Amino acid sequence: MTSTFEELLPSTARALLHRIATGQSEGRVPSLVGAVVRDGRIVWTGARTSVDGHAPDADTQYRIGSITKTFTAVLVMRLRDEGLLDLEDPLEKYLPGTGVGEVTIAQLLTHSAGLKAESPAPWWERSPATFRPELSDVLGEQPLINPPGRHHHYSNPGYTLLGRLIETVRGVPWEEALREEVLEPLGLHRTSAQPQAPHAGAWAVHPWADVLLPEPAEDLGLMAPAGQLWSTAEDLCAFAVFLAEGDDRVLCAETVREMRSPASPPLPGGWDDGYGLGVQLARVEGRSLSGHTGSLPGFLAGLWMSVEDGVGAVVLANATSGPYAGVIAADLVRIVAEAEPRIPEPWRPLPAAEVCEELLALTGPWYWGTYAFGLKVTGERGVELRRLDGGGRGSRFVAQPDGTWKGIDGYYTGETLQVMRREDGSVSHLDLGSFAFTREPYGPDADVVPGGVDEGGWRGL
């Protein structure tokens, strides 16, 4: 048994240790490691093991399975940000002759391309990569089983295609691009395509008896971008922080926010979650989480980050089945967020350079029809528009060079907010996606209200 913590209350640390101890015991796994990161720093790590005196720690490698997909997605988004591809480009533009060239890069990232979930038999996670030396061996004879773009259907072959796309555009192997462009800049020195000591062994636990069976640790070859990586709790905590905040050496904050935005909801009856651009999304007990889970024979992994709470957690275990690592990681986030809520930063006035009388004049109430909204100024000349009754549509907007604002969250994500002026330069109304927001309900400029305004004005019965 091990447990370390920094700046956490002893009661919180004990609750965290209890949760992973329960997970290891009830899940019947040889070992389990957990770690929590808060406000960018690891504040707790803990481990449980079946071997006395030989507990793993946050620097012990485990295989992380499909968390690899998020790393692959980061590489794709780097190519997009560099202007080397567009997410709406068809795959055929870069990889001709695959047989699925009509699917887009965005559809592959969000698992909405209509591809099969798995490659043809035998089970790719437990068989040598030599069984699938070409993309055609990964895709099979009929790789498309759903119309592209219709709905979410998780696909491992889809991320094989993204790996080959990266190699084609970059001109280097996927593993090399990952190491040079993501792992080294972020300081993830214990994340690798092959295991590096100290690392956990892969085990299967008999479902009806407390006995073990070693699992093979195959090199996945072409399937590597879907699930090859090994990593540690410490490295994955740093990666979780990156997914929340960005790092200009890899991806800016705006791009990682885009990756976390819902893009591909699951089918009805599926999990209570969604999917962004290579990032899993979940809503657990009212808390929004982003990250990814993973599994390969002998290993289970979970990584979740609550951006609002500034808390993330990683759980790694070395068994084929047992505790759902994603559930335990979500519980670790909840324990810290509820026991030690984030203390808000002190309120401070805007920097003098950001104060603009013209912008201040736009603040206050605005009306879309009879719905009352409030517009307030945020940092860096941004604005926020919300319903005053707390419901309905609303968003934050960032300033654009042309004097407009672009929505970055909520209902108006991606929409343009602009100030419309009369001939004398005075403000007439705000235009948001063709909706006119006026200073008074339905007035005073009747010409901006569709259908006009009755000349009799407001009246009683």
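Residues checked against (1) at pLDDT below 95; (2) closer than 29 Å to Trp123 by Cα:
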{"residue": "Gly149", "(1), (2)": "yes, yes"}
{"residue": "Thr160", "(1), (2)": "no, yes"}
{"residue": "Ala177", "(1), (2)": "no, yes"}
{"residue": "Gln194", "(1), (2)": "no, yes"}
{"residue": "Trp208", "(1), (2)": "no, yes"}
{"residue": "Asp219", "(1), (2)": "yes, yes"}
{"residue": "Gly227", "(1), (2)": "no, yes"}
{"residue": "Trp230", "(1), (2)": "no, yes"}
{"residue": "Asp247", "(1), (2)": "no, no"}
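The residues of the range 140-161 that are among the aliphatic types (A, V, I, L, M) and surrounded by 23 or more Cβ atoms within 10 Å (Cβ to Cβ) amount to a single one, Leu161. Total residues in the range 394-438 satisfying the condition of being among the charged types (D, E, K, R), surrounded by 13 or more Cβ atoms within 10 Å (Cβ to Cβ) and not in a strand (DSSP E or B): the figure is 2. Scanning the range 410-431 for residues that are within 28 Å of Glu254 (Cα to Cα) and in contact (Cβ under 8 Å) with a residue 60 or more places away in the chain, we see that the one that is nearest to the chain's Cα centre (by Cα) is Thr413. Checked against (1) within 18 Å of Trp368 (Cβ to Cβ); (2) exposed (fewer than 15 other Cβ atoms within 10 Å of the Cβ); (3) not assigned by TED's automatic domain parsing to the domain that holds Tyr367, Val453 passes all but a single condition, namely (2).
Taking the conditions (1) under 28 Å from Thr60 (Cα atoms); (2) of a type in the set (A, V, I, L, M, F, W, C); (3) surrounded by fewer than 17 Cβ atoms within 10 Å (Cβ to Cβ) in turn, Val314 satisfies each one other than (3).
Residues in the range 345-362 that are within 16 Å of Arg439 (Cα to Cα) and surrounded by 13 or more Cβ atoms within 10 Å (Cβ to Cβ): Leu359, Leu362.
Considering Ser155, Ser192, the condition of being farther than 14 Å from Phe71 by Cα, touching an Asp or Glu at 6+ places or on another chain (Cβ under 9 Å) and assigned by TED's automatic domain parsing to the domain that holds Ala58 is satisfied by Ser155 alone.
Filtered by the rule that a residue be in contact (Cβ under 8 Å) with a residue 40 or more places away in the chain and in a loop (DSSP other than H, G, I, E, B), the range 135-173 gives Pro143, Pro148, Gly149, His151, His152, His153, Tyr154, Ser155.
Checked against (1) free of Cβ contacts under 8 Å to residues at least 60 places away in the same chain; (2) within 29 Å of Gly286 (Cα to Cα), Ala339 passes all but a single condition, namely (1).
The set of residues from the range 177-196 being surrounded by 13 or more Cβ atoms within 10 Å (Cβ to Cβ) and closer than 29 Å to Gly101 by Cα comprises Ala177, Leu178, Arg179, Glu181, Val182, Ala193. Residues that are buried (at least 24 other Cβ atoms within 10 Å of the Cβ) and small (Gly, Ala, Ser) within the range 282-305 comprise Ser290, Gly291, Gly294, Gly298, Ala301, Gly302, listed in sequence order. If you go through the range 219-235 and pick out every residue that is in a helix (DSSP H, G or I) and hydroxyl-bearing (Ser, Thr, Tyr), you end up with 0. Taking the stated definitions as given, is Glu181 touching a residue at least 12 places away in the same chain (Cβ under 8 Å), of a type in the set (Asp, Glu) and touching a Gly at 6+ places or on another chain (Cβ under 9 Å)? No. All conditions in (1) within 23 Å of Glu308 (Cα to Cα); (2) assigned to a loop (DSSP other than H, G, I, E, B) hold for Arg190, with the sole exception of (1). If you check Thr72 against the conditions, is it surrounded by 18 or more Cβ atoms within 10 Å (Cβ to Cβ), in contact with a Ser or Thr (Cβ under 7 Å, 6 or more places away or on another chain), in the same structural domain as Arg249 (by TED's automatic domain parsing) and modelled with pLDDT of 95 or more? Spelling it out, it is not the case that Thr72 is surrounded by 18 or more Cβ atoms within 10 Å (Cβ to Cβ), in contact with a Ser or Thr (Cβ under 7 Å, 6 or more places away or on another chain), in the same structural domain as Arg249 (by TED's automatic domain parsing) and modelled with pLDDT of 95 or more.
Only residues that are surrounded by 15 or more Cβ atoms within 10 Å (Cβ to Cβ) and farther than 19 Å from Ser31 by Cα were counted across the range 219-238, and they come to 10. Glu440: out of contact with any helix residue (DSSP H, G or I) (no Cβ under 8 Å at 6 or more places or on another chain), free of Cβ contacts under 8 Å to residues at least 40 places away in the same chain and not assigned by TED's automatic domain parsing to the domain that holds Ser261, yes or no? The answer is no for Glu440. Restricting attention to the range 377-392, the residues being surrounded by 16 or more Cβ atoms within 10 Å (Cβ to Cβ) and among the charged types (D, E, K, R) number 3.
Among the residues of the range 35-75, those that are under 17 Å from Ala202 (Cα atoms), touching a Gly at 6+ places or on another chain (Cβ under 8 Å) and in a loop (DSSP other than H, G, I, E, B) comprise Ile64, Gly65, Ser66.
If the condition is being part of a loop (DSSP other than H, G, I, E, B), of a type outside the set (A, V, I, L, M) and within 19 Å of Arg150 (Cβ to Cβ), then the range 100-121 contributes Gly101, Glu102, Thr110, His111, Ser112, Gly114, Lys116.
Considering only the range 197-218, state which residues are loosely packed, with under 13 Cβ neighbours inside 10 Å and in a loop (DSSP other than H, G, I, E, B).
Scanning the range 197-218 gives Ala197, Pro198, His206, Pro207, Trp208, Ala209, Asp210, Val211, Pro216.
Can you say whether Ala238 is modelled with pLDDT of 95 or more and more than 20 Å from the chain's Cα centre (by Cα), as far as the supplied structure shows? When the stated conditions are applied, Ala238 does not pass them.
The values are calculated or read from the model by the stated rules, or taken from the named source; none is laboratory data. Only a predicted model underlies this, so the values are computations on that prediction, with no experimental measurement involved. Cβ atoms come from the backbone with ideal geometry, glycine included; neighbour counts cover every protein chain shown.
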